[in-house]
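Structure first, commentary second.
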Amino acid sequence: MTTETQHGSVIVMDRRRGKLRAGQGLLQGLRVVWDHWAGSFRKNDNFSKIHGTFTVEYPEERLPMPQAYRNMPVLLFDDESGHELCTGCYQCQRICPPQVIHITQAKDPVTGKMVPAATEFIIEYDACMSCGFCAEVCPFDSIKMDHVYELSTANRAALTMRKAQLNRSISYYTGIAPGLWAEVQAGAMKKLQGSIKRRPDVIGLAASLTEKIKARRLELAAAAAAAPAAAAVSAPAAPAAPAAKLTPEEKAAKLAAMKAANANKGAAPAPAEAPVALSPADAKAAKLAAIKAANANKGAAPAPAEAPVALSPADAKAAKLAAIKAANAAKQAEAAPVSVETAVATAPLDAKAARLAAIKAANAAKLAAEQGNNE
Amino acid sequence: MLKTEELQINIGPQHPSTHGVFRMLVTVDGETVTDLKPVFGYLHRNHEQIAEVNTYLQNMPYTDRLDYFNAMANNHAYAMAVEKLVGIEVPERAEYIRVLMVELTRILNHAGALGFLINDMGAWQTQLAFGMREREKILDLFESVSGARLMCNYFRFGGVARDLTADFMPRLKDLLVAMPAFIDEMERLLRENEILLQRSEGIGILPKDLALAYSVTGPVLRGSGVAYDIRRAEPYSIYDRLDFDVPVGSVGDVYDRILVRIEEMRQSKRIIEQVIAQLPDAQGGHINPKARQNVRPPVGDVYARVETPKGELGFYLVSDGSSRPYRYKVRAPSFINLTPLGDMCRGYKVADMVVILGSIDIVMGEVDR
Amino acid sequence: MQDVVNQVINTSFGWGWPSWAIALIGYLIVAALLFGIAPFQMLFLTLYERRAIARMQDRIGPNRVGPEGMFQPLADGVKIFTKEDIVPTAADQWVHFIAPCVVVAPTMFMFAVLPWGPGMVPVDMNLGLLFFFAISSVSAVGLMMAGWASSNKFALVGAMRAVAQMVSYEIPAVLSLLAIVLVTGSLSIVELINYQGGLFISTRDVASVPDWGLGWFIFSPVGFLAFIAFFIAALAEGERTPFDIPEADSEIVAGYMTEYSGMKFGLFYLAQYVLNFLLCAITSIIFFGGWQGPGVGWLYAQAITPVNPQGGWVFNVLAGVLGVFYFLTKTYGFFFVMVWIRGAYARLRIDQLMDFGWKFLIPLTLVNIFSAAIWVGLTKWGAADGLAFVEGWSPLVRWAAAFGVTLALNLGAYLFLARIFAQSQDERARQDDDVLEQLTNVA
C-alpha cells in the first residue's frame, strides 16, 4: 500500500453530501457555458486563455509546424555542388522498424567497387510510420524528416517514393528546419566533401540537376582528354606507385627497408622482434612495447609510461599483454641478437594490418628516437 | 409475479460509445442488466509478436501505439524496462524531462477521458470540446519537442531523444496559468450538477475487495478507496523527490472516479511546477545517449512498471542475449480494468452500462495490443 | 387579416366581393404564409442551433456553405432528399409510410392559433390553448405508429419510451398553463396576450398602471413557477436535452427513427424542430407577452381593428412589424435557452426522467394551481364570492398581498419538493443494490 511520506498525503474526495440540491448546480453549469459563449467572439490565441474560439480555419489558415515536426523522410542534396549527401550506408534501412526503406548502393562501373552514393532509394510512404529513426541514425545527415501532411491520394502505388521524388535541396530543408540544420551543417558538409572525392564520374549528383550533370560530364571528358596525353608524356617507369597491390613479401621487404632506414637515421637500435608468431594486434603492440623495452634497456630515462599514440581500451589490453610477451622476448633477444631478417619473416600476412603496423611502428620508433635524443 | 423473459443484446463492435471496437454481450431483463460479457480482440495487431522480431530500439515507436492516447507513458515504461535489463543510468535532466512529459500526459488523458465520459452521458460534447482544447495545447508542446503529437517516440534508453526547445518553457508556463482555470471550470460545470449526480452517484460501484481481487489499478482502484499509486508504492524515476497527494474515493462509483481524475489533474499540475523549478540546466545532463541505443542485454528477464493515467502499465522482457527480445509481454491496464465490467454493470440499467464503461477509461489499442 | 383584405379589395379597389370570398382569400394567404414559414423556421433553427452550440464549445460551427453558413440547411436538405429510402420488408408498409406525416401534420395545425402580432392570428378561437395542446398530443400516435411499423424490437422499445415521455410531460405542461388560465379566466390565446399589458403589473389587476406592454405573467410568482414548470415540460415534449432519450445514440440504437432514412427521417427531424419552435413561441406568448412590448399597444390602438374601422392602415403595418419583431425575438431567445441547456447538461435516464416528471413537476404544478386560486381570490373576488375582508383594499394593496402570499407559498413548496425528490433519488440509487442482490441470488 501507499505509505504516507513527507512528500504528500492521501486525500479522500469530498462528495459533499447533505447539501440541499435545488438546482444551484444546474445554474452554475449554465453560467459556465454562457461564459464560453460570450467569450467565443474573440480568438483564443494564447495558451493561458481558456475562453475564445480555438478554431483554425483550415485550409485558409494553417498552423506553422515546429522545426522538430516529422512526417515522411526526404533525401538531401547540396545546392551548390549538386551532390546527394546519401552514401548508401544502409544504416537507415537497418533501423527502420516497418522496413520500408530499400537502398541500392552505387557501384563504380569501371572497377566494380562500391561508391559512397545510392543509385536507387525507395521508401514506401504508405507504410512509413514517421518515427524519425532513419533521420536520427544517419551518419551523413542526408535523410531528414519533412513536414508534409497533405499526402492523401487515390493512387496507392504513387506512394512508393523513389530517389528522384525523395530528393530535396538543402535550401528546402533550411526553409523548414533551419535550427536543426545549423546544428549539423559543418559535419555534414565535411563528410560530403569526403564522399564527393570518392565518387567517380557523375555518380552521386542529383538526377534532376541536368545542367550540373552535363557540366560535370564535360569536365570529366576534358580531364580525360588531357590526362592520357599527360600520361603518355611522363615516363612509364617507376611502377612503384602505391596504387599497385603489394605481395606480402614485397611488403615485408618495404617494412624492413623502412626500419633499416630509421635505424640508420636515429640512435635507436633495431627494435627487437618477438620470435613467436603473434596476432596482428598483438604484433602491433608487441613492436611498440619492444621499442620501449629496448629504450629501457639502453639505460636512458625510460620512455613515457604511456604509449605515444592513444590506444583504444581493447588495444590497450592487447598492448599490455604484448608488452609482457615482448619484455620476455626482449630478454631472450638480448641473449641472442636477432637479425632484422628473421623479424621480417614473422611479419603478419595481412596486407593492411602490416602497412598499418609498419606506419605505427615507424611513428613509434621515430618518437622513441626523439626521446632517446632528448635524454 | 410476472415472468419476464431475458433478452440478449449485442452492443458494438461498431457503436458510438464503446471507446473503440469493443463488443458487449448483454443479457437484460426488461431494463436491468443481469449479465455482461465483454468481447474484445477486434484491434489485435500482433504487437508482442512483432516486438520479438524487432530490435529493442525498433520497438519504441510500436509502444507509442499501445495506448495511443498516452504515448509518452508507454515509452517511459518500455525505456525503464530496457534500462533495468541492461543497467543503463539515466542522467538527471533527462529524468526531469521524462516526468514532465508523463505528467503532461496525465493531464491530457484525464481531460479527454472526462470529456468522453460526459459525452456518453449525453452532454453533447461541451466538456469534451473544452478538454480537447487543453489537449491541443499540450499536444502542440509535444509536437515542438518530439516531432509528433500522438506518436511521440520520444524516449530513448538512457534519456530522451532531444532536449527541450527554446519556446517550450514559455508556452508551458502559459499553459500552467490556464490549467487551474480549466480544472476549476470543469468542477463548476460538473461537480454539483444535479443531472450528472443522478447519472453517476451510486452507479457502477466496484467494492474494494473486488477491485483488489481483479487487480484493477489506476483511478478505478483509487476510486474504490484503495490508496495505491505506484509512484508512491514503488517510486521510480525522480518521484521520490516530488510532493504530490494521492486522491482516493470512498464509495467506488462513477462519481468517485470522476472526482479522483479531476484531483489527479491538479496534482499533476503541482508536479509539473516542481519539475520546472528543479530542472537542472542543459549543461548538467546528457540527454541523448546515441551510443547506447543498439542494446544487447545480458540473458535475463525484467518487469518494469509505471503509473500511467489509466493504471499500471508493465513490461515484462526476457532477453536471450541477442539484440531482439525473446519474450515481450505488456501488462496493459485497460485490459485488466475491463475484466470486472460484468460485475460492475450487473443490476444497473442499460443506459448506465455505457457510463460505467466510460468511467473505466479504456483504450482498445492497449486492450487488444 | 380579413379586415386588411376587405379594406384592400372592397374599399381601395372597390370591387365589392362577397364576404365569403374575402374570408377565403384571407385564409388562403395565411395558410400559404404559414406553409412557407414553417419549414423555413426549421431550416433556420437547425443552423442557429449548430452555430450557437458551437460557440459554446469554443468553436465556430458551419460557415462554409454560403456567408456564415446560411445555405447549410439547404445542403442538409439536399442530402436528406437524395438519400435512399429504405423500408424493411417485414415492416407494415402503409403505417410505415404514414407515420412521419402523422407526426408532422399536427405541428402545422398548431400554427393556426398562434398570434404573430396584434390582430395577426390565423384563427381566433376562444379555445385556442386547448386546441394547441390537444393537437400536439396527436403526434404521439405517430411516434407509436413509427415504432410499431418498423418491426424492430429496439425501435418499438424506443417508441414506447418516447411516447411515455411525451404523454407524461403533457400533464405538467397543461397543469402549469391551467394556473394561468385560472388567473385570466379565458382559454383564448389572444385574450391571454391582451391580459399582459401594463408595467410589471398587469393592467387588468391594477388599472392605474401605464400600458407599456410589460405586464407579463413572468413577473408574478404564479407565472414564474408556471414558467419554470412549463419550460421544463416543453423541453421534454420537444425531446431536447436533458430529455432526449429517444434520439440518444449512446443508448441501444436510435429509437423509433431507426428504420427511417431519407426524407421520412427528414420529416421527423422537421417535426421536432417545428414543435420546438412552437413550444418556444407559446412560452413567449403565455409568460412573456408574445407580441406585447413597449409601443405596440399604442400603435395598434390607432390601426384598423374591429373596434376601430377608421384607423390608418399604416399603423396596422407598423404595429404588426413591431409586434412580430418582439414575438420572434422572444421566441428565438427561448430557443437559445434550449440550445444553452443542451450544451450544458447531460441526459437523464428514462426512469429518472419519468420520476422527475411525475414526482416533482406534477406536485409542483398542483401547488401552483392552488397559488393561482389564491391570487384570483385576493385580486378579483369580493364580498359576493366570500372574501369580504379584501373588499376595502386598494388594487395595489390587493396585488401586493397576493404577490407576497403566492411568493411564499411557491418558494416554500419548491424547496420542500426539491428536498423530497433529492432524497427519493438517493434512495433509488441505493435500491439498485437490493435489486442487484436479488438478481444475482436468483440468477
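Couple of notes before you dig in:
- Here the Karplus relation 6.51 cos²θ - 1.76 cosθ + 1.60, evaluated at θ = phi - 60°, turns the backbone of the range C:96-113 into coupling constants of 4, 6, 7, 3, x, 5, 5, 7, 7, 4, x, 5, 5, 4, 5, 5, 5, 9 Hz, with x for every Gly and Pro.
- At an R0 of 22 angstrom, the distance between the Cβ atoms of B:MET169 and A:HIS7 translates into a FRET efficiency of 0.35.
- Per-residue shielding of C:415-424, expressed as the average number of other chain Cβ atoms within 10 Å of the residue Cβ, stands at 2.
- Calculated mean residue ellipticity, 222 nm, chain C: -22500 deg cm²/dmol, from DSSP H runs (n ≥ 4) at -39500 (n - 2.57) each, averaged per residue and rounded to 500.
- Dipole magnitude of chain C about its Cα centre (Cβ charges: Lys, Arg +1; Asp, Glu -1), debye to nearest 20: 720
- Chain C: relative contact order in percent, alpha carbon pairs under 8 Å with at least 6 residues between: 18
- Coordinate range of the alpha-carbon atoms in the range A:3-83 per principal axis, descending: 79, 47, 19 Å.
- Put in line by how crowded their Cβ is, counting other Cβ atoms within 10 Å and starting with the fewest, A:LEU192, B:LEU128 read B:LEU128, A:LEU192.
- When both the range A:103-120 and the range B:93-135 are represented by their alpha-carbon centers, they are found 51 Å apart.
- Three semi-axes of the equivalent ellipsoid, the range C:182-304, Cα gyration tensor, whole Å, largest first: 38, 17, 10
- Label zone at C:VAL405, where the point sits 7 Å out along the Cα-to-Cβ direction: the range C:338-382 residues whose backbone N lies under 15 Å: C:368-382
- A full extension of the chain between A:ASP79 and A:GLN185 corresponds to an added length of 36.8 nm, given 0.36 nm per residue minus the alpha carbon distance.
- Applying a threshold of 18 Å to the alpha-carbon distances of A:LYS107/A:LYS214; B:LYS84/B:LYS269; C:LYS330/C:LYS380; A:LYS49/B:LYS173 flags A:LYS107/A:LYS214; B:LYS84/B:LYS269; C:LYS330/C:LYS380 as lying beyond it.
- Entry note, chain B: relative contact order of 27 percent, from Cα contacts under 8 Å with a spacing of 6+ residues.
- Springs between Cα atoms under 10 Å define the GNM used for chain C, and in it the highest mean-square fluctuation of C:PRO172, C:PRO118, C:PRO62 occurs at C:PRO62.
- Once both labels are positioned 7 Å from their Cα atoms along Cα-to-Cβ, the gap between C:PHE35 and B:LEU25 label points is 5.5 nm.
- Taking every alpha-carbon pair under 8 Å whose residues sit at least 6 apart, the range A:16-63 reaches a relative contact order of 22 percent.
- Karplus-derived 3J(HN,Hα), 6.51/-1.76/1.60, for each residue of the range C:403-417, Hz, glycine and proline x: 4, x, 5, 5, 4, 4, 4, 5, 5, x, 4, 4, 5, 4, 5
- The modelled label-to-label distance for the pair B:LYS329/B:ARG149, using points 7 Å beyond Cα in the direction of Cβ, is 3.7 nm.
- The phi-based Karplus calculation (6.51 cos²θ - 1.76 cosθ + 1.60; θ = phi - 60°) puts the 3J(HN,Hα) values of the range B:82-95 at 5, 5, 5, 5, 8, x, 9, 9, 9, x, 4, 4, 5, 4 Hz, whole numbers, x for Gly and Pro.
- Farthest towards the positive end of the charge dipole of the range A:16-63, among the residues A:ILE50, A:HIS36, A:GLN24, is the Cα of A:GLN24, using unit charges on the Cβ of Lys, Arg, Asp and Glu.
- FRET efficiency, 1/(1 + (r/R0)^6) with R0 35 Å, evaluated for B:ASP184 and B:GLU234 via beta carbons: 0.60
- 5 angstrom amide H check on A:VAL12, placed H, neighbours 5+ away: B:VAL248
- Note on C:GLU191 and C:ALA383: with the Förster distance fixed at 22 Å, the Cβ-Cβ geometry gives a FRET efficiency of about 0.25.
- Longest site-free stretch - chain C; sites: chymotrypsin sites (Phe, Trp or Tyr not before Pro), DSSP loop, at most 14 other Cβ within 10 Å: C:201-392
- About its Cα centre, the range A:52-178 has a charge dipole of approximately 480 debye under the convention of +1 per Lys or Arg Cβ and -1 per Asp or Glu Cβ, with nothing else charged.
- When chain B is treated as a Gaussian network with alpha carbon springs shorter than 10 Å, the biggest mean-square fluctuation among B:VAL82, B:VAL220, B:VAL26 belongs to B:VAL26.
- Build a GNM of chain B with springs between Cα atoms under 10 Å apart, and of B:SER359, B:SER322, B:SER146 the one that fluctuates most is B:SER322.
- Proximity of backbone amide H atoms, modeled 1.01 Å from N, is registered between A:SER40 and A:GLY52 at under 5 Å, excluding neighbours fewer than 5 places apart on the same chain.
- Put simply, the amide H of A:GLY82, placed in the peptide plane, has no neighbours under 5 Å, leaving out anything fewer than 5 places away on its chain.
- Amide N of the range B:326-366 lying under 11 Å from the label point, which is placed 7 angstrom from the Cα of B:TYR303 along Cα→Cβ: B:331
- In this rough spin-label picture, where each label sits 7 Å from Cα along the Cβ direction, the B:GLU273-A:ALA257 distance is 8.0 nm.
Every number in this text was worked out from the coordinates using simple rules, so none of it is lab data. This is a predicted model, so every value here is computed, not measured. Positions of Cβ are backbone-derived with ideal geometry, glycine not excepted, and every protein chain shown enters the neighbour counts.
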